[in-house]
Each structure stands twice: as C-alpha cells, then as structure tokens.
Amino acid sequence: MRLLKGKWQAMTIPLLLTLLTLSAVLALGTGAVEFGAGEVVRTLGAALSGKSRNAEMSSRETIITRIRLPRVILSAMAGASLAASGAVYQGIFRNPMADPYVMGASAGASLGATCAFMLPVHIKVLSMGSVPLFAFAGSLMAVLLVYNLAKVGDRTPVLNLILAGMIASSILSAMVSLLMFVMPSGVLHGLAFWLMGGFSGRGWEHVIMTLPYFVVGIAIVMFCSRELNALLLGEEPAMHLGIEVQKATKLLITAASMLTASAVASGGIIGFVGLVIPHLVRMLLGPDNRRLLPASILLGATSMMAADAVARLVIAPQELPVGIITALVGGPFFVYLLRQYKAKSWQL
C-alpha cells in the first residue's frame, strides 16, 4: 500500500469525518427494529428541538436517543481511545507491534476492573468510579511491567516486547480467571460477558462516566504530537531537539493507559483495534503524528461503531461480543505484521 500524496492526504480528515457521520447514522438505524437514514436524522432533529409530534415519533425517539445513541457514542469513544493509545505506544517504543492488547494494558485493566467488581463498596476518587479507577491503575502497572521486562539498554526489540506482553497478559489473565472462580455466581455471568467485549446494555450513565477521561486522554496525546514525533528518532536526538524525554514519555504513557482503561471499563476486552488502525493509517499517511493521531482517532471510532453494528446483526436477535469481531479481523493482520517485520526486527 502506498502513501497518499498531495490533495488526497489533505482530504483524509474530511473524508474520515464524513465516514464517521455516515457510520453513526447507519449504526443508529441498525438493530431489532430497523430505521432508515432519513428516519434517524429526522428523529435526532426532533429530539434536539424538543418536538415529538406523535406516539410513533416518541417510540422511535426512545429507541434511537435513549437506547442506541449512548451505545454508539460509547463504542466510538472506545474505538478512538484504543486507536490513539495504540499509536502512542507504537511511537514511544518505536515498535509497530505495540498496542494496548499486546502491551498487556488491556489485561491489566481487566484485572483492575474485575477487582473493582468484587469490592463490597464503591470507591470514588476525583469523580472516577471504582471500575475505571482500578482499570486505569491496572493498565498503567501492566504497561510499565512489560516495558521494563522488554527493554534492552535503550531499545525495546519486537520479540522482547511480544514475549513480555504475552507473559504479563498470561499472568494477569490467570489472576482474572482465579478471581472469577471465587466470585459469587450472581455477578459471574455479567463479568464473563463483559470480559469478551461489547456495549450491550450501556446507557448515558456510562457515557458520562467515560467522557472526562476520554477528553483528557485525547487532549494530552494530541497536544504532545510534536514530542511523540521527536521520540520516534530516539531518546538522544529527542533531547537534542529540546524534548524532556522522561517527562514526555511518562505523560504519554499515562494518557494512553487512561484511554485504554476507559475503553476497557466501558466495553470490556476488545483486542487488535490499537494495533490495526494506527498501522493502516501509517501506511497511508506516514509516521507524522500530527496527521496520524487524528486520523487514527476518527478511523478507530468508525471501525468500532461498525464492529458493534455487525455484532448486533450476525446472530440477531442475540448479540455477538464485539471482541470476537475485532479478533477475527485483527488476528490475520497481526500475522501479516509479524511476517512483514520478522526479517529486520526480530533480533534480540
């Protein structure tokens, strides 16, 4: 695949915004009750203006705005969060295999969230509920563990990173399984489905809980795109460019972990989005994070909305976990990346 040039590169963001909007409208019309794009647009317009003309409109408005709209927004935020965090991890570690799933961040966040499920009381710190709070802590600790295990001098070789991520993810997943084994049966089914990834039953309260951390995390990674570009050159060249390497690295890892934790807390374990989306965008637009990050965010949001819509349709009226859809698509792409980079990147 070749890089886009000139006007096509400049048109990428407008095209992705258009694709995101169309995908959102189609996702809002998809489900047990189907609505056309025109019906969705009219219903949203009526809801925004406060005009529900009849019982049919009121029923349609309830389905679209109270049931599907928060789910679509949440899936978009989760996809954008995972894509942005994947781009950040790949940039910081200068490694195309880094993503929230491979880096163990998803497993760490799931362990933290599972611990929060078992707490007899709910904890709040800075308005952060116990599930996202514990997910964030678990995600951050897992990434730091994997990074320190994989680092050799000032390098993080691909094979080391993959092995360290697999080791950490295996241990953390085993701990999740142990907690599930001793967990009361009343919450076990809900947790098991949550761990497979999905947005079934999510409402506006989940959007409100996730939104602050999504906004803060996205703002940090976008604001630090220059620093991330410098880190691509290595620590010493970045320092010569006036970048405070340690400070920038810690801030970016914290923001990426925050985004991963918010996605896991709201949608469970959804793998490969953070690996596939940034890499596809990089193949089209190049490594400049000033273009890569916003394009990855938009494409990640669009792809997750699409995956959620497919999950609702495949075995309707039942729903397939979204994590299964992303794994079926992302797994073969991961194999492709391994083959692509094996010859030049698998030296310890």
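Every number in this text was worked out from the coordinates using simple rules, so none of it is lab data. Quick caveat, the model's predicted, so the values are computed rather than measured. Cβ placement follows ideal geometry from the backbone for every residue including glycine, while neighbour counts extend to all protein chains displayed.
Worth a mention:
- Exposure proxy shown here: for Ser110, Ser173, the number of other Cβ atoms within 10 Å sets the order, fewest to most, as Ser173, Ser110.
- Counting neighbouring Cβ atoms within 10 Å and putting the fewest first, the residues Met103, Met141, Met11 line up as Met11, Met141, Met103.
- Under the shape rule built on the C-alpha gyration tensor, where the axes satisfy a ≥ b ≥ c, segment 37-120 is oblate, since a/c reaches at least 1.5 while a/b does not exceed b/c.
- Using a cutoff of 8 angstrom between alpha carbon atoms and counting only pairs six or more residues apart, the relative contact order for the chain works out to 30 percent.
- Rounded tilt (10° steps) of 322-345 against the dominant C-alpha axis of the chain: 20
- Extension gain, Val329 back to Glu39 (0.36 nm per residue minus Cα-Cα distance, nm): 101.3 nm
- Compared with the dominant Cα axis of the chain, that is its longest principal axis, helix 158-182 is turned about 50°.
- Bridging of Lys151 to aspartates and glutamates at a Cα separation below 18 Å is possible for Asp99, Glu235, Glu236, once same-chain residues fewer than 8 apart are set aside.
- Given their separation in residues at 0.36 nm each and the Cα-Cα distance between them, Met283 and Lys247 gain 10.1 nm when the chain is fully extended.
- Placing unit charges on each Cβ (+1 for Lys and Arg, -1 for Asp and Glu) gives segment 36-345 a dipole about its Cα centre, and among Phe193, Pro287, Phe93 the Cα reaching farthest toward its positive end belongs to Pro287.
- Selection from Thr62, Ala261, Gly45 lying farthest towards where the dipole of segment 36-345 points positive, charges on Cβ: Gly45
- Arranged from fewest to most other beta-carbon atoms within 10 Å of their beta carbon, Val216, Val88, Val221 become Val216, Val221, Val88.
- The angle between the Cα long axis of helix 245-267 and the longest principal axis of the Cα atoms of the chain comes to about 30 degrees, rounded to the nearest 10.
- Along the axis of the charge dipole computed for segment 200-348 (Cβ charges of +1 for Lys and Arg, -1 for Asp and Glu, origin at the Cα centre), the listed residues Val207, Ile277, Ser225 are led at the positive end by Ile277.
- Gain on full stretching of the segment that runs from Leu163 to Met118 - 0.36 nm per residue minus C-alpha separation: 13.2 nm
- Model label points for Trp8 and Val314, set 7 angstrom from Cα along the Cα-to-Cβ axis, are 3.2 nm apart.
- Leu15/Val182 FRET efficiency (R0 51 Å; Cβ-Cβ; nearest 0.05): 0.55
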